[in-house]
């Protein structure tokens, strides 16, 4: 087995194990719900248990790799491979027993994303991709939509945990919502990226994310034919990401940038 296939297999197995464990726990009921950065930034015992399961599994199978996790994992490595783990992306959805939450695991090397999986336990869906190897949903190839008119685009976004930032972001959306098909807000960046990848939505944009939010999803989107960048079309980064069907990227970028100028 080559390196990329090994990484994908490890990510898939650990994401499924952690996700199924968290799903069973959620059905049994939550016992320990706390807040982090703000009163609306939630963490549960299953966020931590999921990350612990994944980190222990990686340490056993890839002891020389670096690991960075949302819930505090920070392990240096010497192999040149770094794992980015979001043990439950969409914790608020998880808290409310909404299905849009996922386990996201991405592996990167010095050239960027190498392998990644996003597992949605409530839907039984495993999105996966390797660099240059295509993108898949439960083993079947996926491609993004080929829409070319932004006025027909179903666009997904996300909002900050900061109330002040949410107000600014909502005003920005109000500047161009009449110029697209409609807006959606699912509440999990990794899922949003995968849904663009498989054509369930046409575009997704958000800001103030972290590498663990996008490490797997952006690779899946890229391998499914999407175009990604920041709002102005430069390289995508956690602080600012726009992913869409290629033909509407520039149109949507212009709408977002113009709306941002109006809300400054």
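The values are calculated or read from the model by the stated rules, or taken from the named source; none is laboratory data. This one's a predicted model, so the numbers in the text were calculated from it and none came from an experiment. Ideal geometry is used to build each Cβ from the backbone, glycine not excepted, and the neighbour counts take in all protein chains shown.
Of all residues in the stretch 183-210, which are out of contact with any helix residue (DSSP H, G or I) (no Cβ under 7 Å at 6 or more places or on another chain) and within 18 Å of residue 130 (Cβ to Cβ)? Correct list: 198 only.
With respect to the stated conditions, residue 104 fails to be within 16 Å of residue 20 (Cβ to Cβ) and surrounded by fewer than 24 Cβ atoms within 10 Å (Cβ to Cβ). Output yes when any residue across the stretch 4-20 is surrounded by 14 or more Cβ atoms within 10 Å (Cβ to Cβ) and at pLDDT below 95, and no when none is. Checked against the condition, which is being surrounded by 14 or more Cβ atoms within 10 Å (Cβ to Cβ) and at pLDDT below 95, the stretch 4-20 yields no hits at all.
Let's see how each residue does on (1) surrounded by 24 or more Cβ atoms within 10 Å (Cβ to Cβ); (2) out of contact with any strand residue (DSSP E or B) (no Cβ under 9 Å at 6 or more places or on another chain):
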{"site": "175", "(1), (2)": "no, yes"}
{"site": "186", "(1), (2)": "no, no"}
{"site": "197", "(1), (2)": "yes, no"}
{"site": "203", "(1), (2)": "yes, no"}
{"site": "213", "(1), (2)": "yes, no"}
{"site": "220", "(1), (2)": "yes, no"}
{"site": "249", "(1), (2)": "no, no"}
{"site": "261", "(1), (2)": "no, yes"}
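Meeting the requirement of 1 or more residues that are within 29 Å of residue 97 (Cβ to Cβ), the helices (runs of 4 or more DSSP H) wholly within the stretch 145-264 are 163-176, 189-197, 211-223.
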